Amino acid sequence: MKRLLLLLALLLPALASAAPPDWTRTATPAPSGAFVIGNPRAPVLLIEYLSYTCPHCAAFNAESKPELKDRLVRSGRVRIELRHATRDGLDLAATMVARCAGARFSEASDAIFAAQPDWFERGQQYLEENRRRLSAYDTADRLRALSDGAGLTQIAASVGVTEPRLAACFANAADLAKVARMSEAAWSTISGTPSFVVAGKLVPPTNWAGLKPALAAAGAK
């Protein structure tokens, strides 16, 4: 009996280490400046163009998550390259909050979309009441003020982004320029968000039900 218990004790760490990874927790930078969610070697690549102030993007994120992220991405069969198509200052503030989360980018993105109705309304009201004052700020201070006023700073904190890190992200001119280039390239390619590329082919703005056939044809089942 003691030998059996000893054998089990030796086997348990090996069994635990053999558990498949949860690829939804993996976020890696892409050459485009976007973040890739999932197994970097997943056989199916889905490119998604998104805007955090777009209600259709928030609806897609909620509708697709159980199958797309929680099943196909988690299993390592699909990876999603999320490309920003920012539309305004409030959208840019949300974008920088998500990017500031680094390895927790996917979690931050989900949280931003889930709370979109609240922070978007608060942000619009804050912007309207403080437009003149904000126009005198530099980019970093303006984005930080929008983030605070909308409630995005609290979302950042909920995914582990500290105050100093968030300030550094808003002041990161190189990353802001990267997002600007990405957005410019996006809007020269797409007509609206969310738009997708599957197997190298552009899929115009659609919902999860409209995207599933293209993914299935590419081998995501």
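Would a scan of the range 35-48 turn up a residue that is within 23 Å of Thr189 (Cβ to Cβ), crowded, with 18+ Cβ neighbours inside 10 Å and not hydrophobic (A, V, I, L, M, F, W, C)?
Among the residues of the range 35-48, at least one is within 23 Å of Thr189 (Cβ to Cβ), crowded, with 18+ Cβ neighbours inside 10 Å and not hydrophobic (A, V, I, L, M, F, W, C), which makes the answer yes.
Quick check on my filter: what residues within the range 24-34 are part of a loop (DSSP other than H, G, I, E, B) and either buried (at least 22 other Cβ atoms within 10 Å of the Cβ) or within 11 Å of the chain's Cα centre (by Cα) (or both)? Don't jump to the end; show me each part of the working.
Residues of the range 24-34 that are part of a loop (DSSP other than H, G, I, E, B), as a first pass: 26, 30-34.
Matches in the range 24-34: Ala34 only.
Would you please name the residue that is surrounded by the fewest Cβ atoms within 10 Å (Cβ to Cβ), looking only at residues in the range 65-124 that are of a type in the set (S, T, N, Q) and either in contact with a Lys or Arg (Cβ under 8 Å, 6 or more places away or on another chain) or in a loop (DSSP other than H, G, I, E, B) (or both)? Break it down into steps so the answer makes sense when it comes.
Filtering the range 65-124 down to residues of a type in the set (S, T, N, Q) leaves 75, 86, 95, 106, 109, 116, 124.
Applying the additional criterion that residues be either in contact with a Lys or Arg (Cβ under 8 Å, 6 or more places away or on another chain) or in a loop (DSSP other than H, G, I, E, B) (or both) yields 75, 86, 106.
On the way: Ser75: 17, Thr86: 24, Ser106: 24.
Only one residue fits best here, namely Ser75.
Just give me the residues in the range 161-217 being loosely packed, with under 15 Cβ neighbours inside 10 Å and of a type in the set (Ser, Thr, Tyr), in sequence order.
Once the filter is applied, which keeps residues that are loosely packed, with under 15 Cβ neighbours inside 10 Å and of a type in the set (Ser, Thr, Tyr), the range 161-217 yields Thr162, Ser188, Thr189, Ser191.
Since every read-out is calculated from the coordinates, none of them should be taken as a lab result. This one's a predicted model, so the numbers in the text were calculated from it and none came from an experiment. All Cβ positions, glycine included, derive from the backbone under ideal geometry; neighbour counts span all protein chains shown.
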